[in-house]
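To start, the structure under review is shown below, and the notes come after it.
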Amino acid sequence: SLGYYFFDGTVWQNMLFNNACNADTKKGIYNVKCYGAIGDENTDDTAAILATIAAVEPIGGTVYFPPGKYKVTAAITISSSIMLQGTTTNASVIIPYGNFNVFTFTGGSMGAGARDLHILGDHQTGGNCISVSNADRTGFTNLIITNPYNAFNIEKVNICTIRQCWVNAVKGEY
């Protein structure tokens, strides 16, 4: 059937997102709004996103961004198997403010990545939207990256898959 799926190590499981806090943690799905994110574009959601990642990091899983516009003012580093999952590229929007790498996947982030997100770089003055370094088997699917300073920086990676991603109006280097 249609929908999103995750691999639990044995079989593919249907990810039926539930907006109720902690309703999906048994499936490894953690909602950023349950950790304090507002998603109104004005409130700084960085601390809430970092808190969600900290909850997922020991076991790996999915950090879910329900529809909203999430203001980010500092770098977010993922060093374990975490998938950043939006609802759709038009509904789940990350808006970085400043000069930093928005999402950095590094170290033990094997199997990590992002999908169904829009990163709107109108207020980004430097850095990359997605940076991958020393991380194996990362994947990025169905991302829209608009007006970034730089979109992707990928180095020292065994396998990195980029599918159905759209980048428009890069301000820095290609």
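The values are calculated or read from the model by the stated rules, or taken from the named source; none is laboratory data. Since the model is a prediction, treat every value here as computed from it, not as a measurement. Here Cβ is always computed from backbone atoms with ideal geometry, including for glycine, and neighbour counts include all displayed protein chains. Heavy atoms of the whole protein, side chains included, go into the accessibility calculation; ligands, DNA and RNA do not. Shrake-Rupley method; radii C 1.70, N 1.55, O 1.52, S 1.80 Å.
Here are the numbers for the structure shown:
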item: Gain upon complete extension [Thr77, Asp122; 0.36 nm per residue less C-alpha separation]; result: 14.1 nm
item: When each of Lys69/Lys156; Lys27/Lys156; Lys33/Lys171; Lys27/Lys69 is checked by Cα-Cα distance, pairs over 29 Å; result: Lys69/Lys156; Lys27/Lys156; Lys33/Lys171
item: Percent RCO, i.e. relative contact order, over the stretch 36-174, from Cα pairs under 8 Å lying at least 6 residues apart; result: 18
item: HN-Hα J in Hz across the stretch 82-96 - Karplus 6.51, -1.76, 1.60, θ = phi - 60°, x for Gly and Pro; result: 10, 9, 8, 10, x, 7, 8, 5, 8, 9, 10, 10, 9, 10, x
item: Long-range amide H partners of Val63 with built H, under 5 Å; result: Tyr30, Met83, Leu84, Gln85
item: Accessible surface, per residue, of the stretch 66-174 when the full set of protein chains is kept, probe 1.4 Å, Å²; result: 42
item: Carbon/sulfur fraction of accessible area - the stretch 46-174, other protein chains in place, 1.4 Å, %; result: 50
item: Modelled label reach - Asn158, point 7 Å along Cα→Cβ, the stretch 120-140 residues with backbone N closer than 16 Å; result: 133-139
item: Nonlocal amide H pairs with Ile144, under 5 Å, H built at 1.01 Å; result: Leu117, His118, Ile119, Trp166
item: Amide H contacts under 5 Å for Phe105, placed H, 5+ residues apart; result: Ile78, Ser131, Val132, Ser133
